[in-house]
Ligand SMILES: [Zn+2]
């Protein structure tokens, strides 16, 4: 039984969703929530399959499950986060960046990423054993309600800026340090000076991993314009020399 809530209500579910919204930058709070007494389908995120049903996104949760004395409190919170992760994938169209188109099927790599970002167990089906070691104290429950374990990451602004699937920060750090070590001329970080064949000289403001040995970098140019480019299309300025991504390319491409 839930120690903190004792009895689940729409308001309590909304509180959790609002705290998730604060971390993700999304607006799950705007959606209606339907409560039911389902025994098997303990939760859902419903989205319109066709244009004519646009705007009918809905969360649904089973009070039978949430208020069952056998349901660990962590599992109740996880159910809300699980459905929120479906909403996350749908509303950001995150599936565009994955080959699986998983939101149509539900639980693919895009949804697994969303689970990571909203602190949900990335499994399609509820299994009580997943929560065996999560016997929360009141304090732990309160922290989870408040989303204190959730990283702040504005997914929409990230996608708008980089137009690619987010990269796991741990993987990114490992990948970038390897690139920096093995191919320093192809490694970019904020402050580096670059030369773009058409746009001229600029300064790197931000960089993210993109693909094998390639980053995407955000550049401010001398003419005050800016833009995002693949490091494949740039030269890095090192001691006054423009070094292209692939040294087999003609340096003159950059001149
Ligand atoms: Zn699901």
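The values are calculated or read from the model by the stated rules, or taken from the named source; none is laboratory data. Since the structure is predicted, the reported quantities are computational estimates derived from the model, not experimental observations. Please note: Cβ atoms are built from the backbone with ideal geometry, for glycine as well, and neighbour counts cover all protein chains shown.
Key figures for this structure:
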| item | result |
| --- | --- |
| Filtered residues of the stretch 156-214 (kept if part of a loop (DSSP other than H, G, I, E, B) and either without any contact (Cβ under 8 Å) to a residue 24 or more places away in the chain or under 30 Å from residue 27 (Cβ atoms) (or both)) | 163, 164, 165, 166, 167, 168, 189, 190, 191, 198, 212 |
| Residues located in the stretch 34-59, provided they are within 21 Å of residue 4 (Cα to Cα) and within 23 Å of the chain's Cα centre (by Cα) | 43 |
| Selected residue [surrounded by fewer than 19 Cβ atoms within 10 Å (Cβ to Cβ), modelled with pLDDT of 85 or more, in contact with a strand residue (DSSP E or B) (Cβ under 9 Å, 6 or more places away or on another chain) and farther than 24 Å from residue 163 by Cβ] from 222, 250 | 222 |
| Residue 51 away from the ligand (no atom under 16 Å from the Cβ), closer than 29 Å to residue 156 by Cα and either surrounded by 15 or more Cβ atoms within 10 Å (Cβ to Cβ) or in the same structural domain as residue 116 (by TED's automatic domain parsing) (or both) | yes |
| Candidates 64, 92 - the one that is within 30 Å of residue 167 (Cα to Cα) and at pLDDT 90 or above | 92 |
| Checking residue 16 against (1) surrounded by fewer than 17 Cβ atoms within 10 Å (Cβ to Cβ); (2) farther than 21 Å from residue 107 by Cα, the condition it does not meet | (1) |
| Unmet requirement for residue 63, which otherwise passes all of (1) within 12 Å of the ligand (Cβ to nearest atom); (2) in contact with a strand residue (DSSP E or B) (Cβ under 6 Å, 6 or more places away or on another chain); (3) in contact (Cβ under 8 Å) with a residue 40 or more places away in the chain | (1) |
| Residue count, the stretch 130-164 (criterion: surrounded by 13 or more Cβ atoms within 10 Å (Cβ to Cβ), closer than 20 Å to residue 82 by Cβ and in contact with a helix residue (DSSP H, G or I) (Cβ under 8 Å, 6 or more places away or on another chain)) | 12 |
| Residue identified as over 26 Å from the mean Cα position of the chain (by Cα) and under 24 Å from residue 234 (Cα atoms) among 160, 193 | 193 |
| Those residues of the stretch 79-89 which are more than 11 Å from the ligand (Cβ to nearest atom) and over 12 Å from the mean Cα position of the chain (by Cα), in sequence order | 80 |
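Yes/no per residue for (1) buried (at least 22 other Cβ atoms within 10 Å of the Cβ); (2) within 16 Å of the ligand (Cβ to nearest atom); (3) in contact (Cβ under 8 Å) with a residue 24 or more places away in the chain:
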position: 44; (1), (2), (3): no, yes, yes
position: 56; (1), (2), (3): no, no, no
position: 70; (1), (2), (3): no, no, yes
position: 75; (1), (2), (3): yes, yes, yes
position: 99; (1), (2), (3): no, no, no
position: 116; (1), (2), (3): no, yes, yes
